[in-house]
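The numbers here are math on the coordinates, done by the rules we state, and not lab data. As the structure is a computational prediction, the values presented were derived from the model and not from experiment. Heads up, the Cβs are rebuilt from the backbone with ideal geometry, glycines too, and the neighbour counts pull from every protein chain shown.
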Amino acid sequence: MTCMSSTPFRFRLSAVSLDPALGGRTDAAKKREQAVAVFDLLDNNRFTPIEHGGGPYPLHLSLVDRRLVISVTTENGAPVLCHHLSLPSFRRRFREYRLVCESFANAEARLSPERLEAIDMGRRAIHDEASALLRERLKSKVEIDQETARRLFTLIHLLFSQELLGRGI
């Protein structure tokens, strides 16, 4: 897939993969959410590893020992960055985000558009807070804009949710 973007080609993500990929235990809505987040991320992102000359960069996200592993390479596979991000500071945001998304999904058929908009505003506020935290926690390794951080948070949340599901939590 080729995505056109206003972002300089050298400082952007060209591919995104998650390990484990959302598998059979995940519902269709989460798989769709992942596909949309990846599409939007690849369509328009700014991703500038500190002190690196440029990409574009494939990104791989995984969870190892309850830490997020962010692996970035060049297109030819040369390592650029491997960062282990501790997730305790995100746990409250994961929980809040999951709850508000579930509330929206459960209320979609029975609430007025105004009430649904209020729930969605809450979801966006949590999303913005979490993406700001992600930008802060990554600033010594990579510079990303707010929209890139929002899409990354969505993917991290899905990956974290998949791990919890796999452990039966």
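Some points to look at:
- Options L13, L159, T48, ranked by Cα towards positive dipole end of region 9-166, top entry (Cβ charges): L159
- Within the chain, percent of DSSP bridges classed antiparallel, to nearest 5: 75 percent
- Listed by Cβ neighbour count within 10 Å, with the fewest neighbours leading, R124, R110 appear as R110, R124.
- Rel. contact order, % - alpha carbon contacts under 8 angstrom, at least six apart, region 86-169: 25 percent
- Angle in degrees between helix 88-107 and the longest Cα principal axis of the chain, rounded to the nearest 10: 50 degrees
- Between the entries [x] 1.05; [y] 1.10; [z] 0.98, the label attached to Cα Rg over 2.2 N^0.38 Å calculated for this structure is [x].
- The chain: relative contact order as a whole-number percent, Cα under 8 Å and 6+ apart: 26 percent
- Excluding same-chain neighbours fewer than eight residues apart, the aspartates and glutamates reachable from K139 by a Cα-Cα span under 14 Å are E51.
- Those aspartates and glutamates that a straight Cα-Cα span of less than 16 Å connects to K31, excepting residues fewer than 8 apart in one chain: D19, D40, E102, E163
- Taking T74, T148, T48 as the candidate residues, the one with maximal mean-square fluctuation in a Gaussian network model of the chain, Cα springs under 10 Å, is T74.
- Tilt relative to the chain, helix 113-138 - C-alpha long axis, 0 to 90 degrees, to 10: 30 degrees
- Between the beta carbons of D145 and E114, assuming R0 = 41 Å, the FRET efficiency works out to 0.85 to the nearest 0.05.
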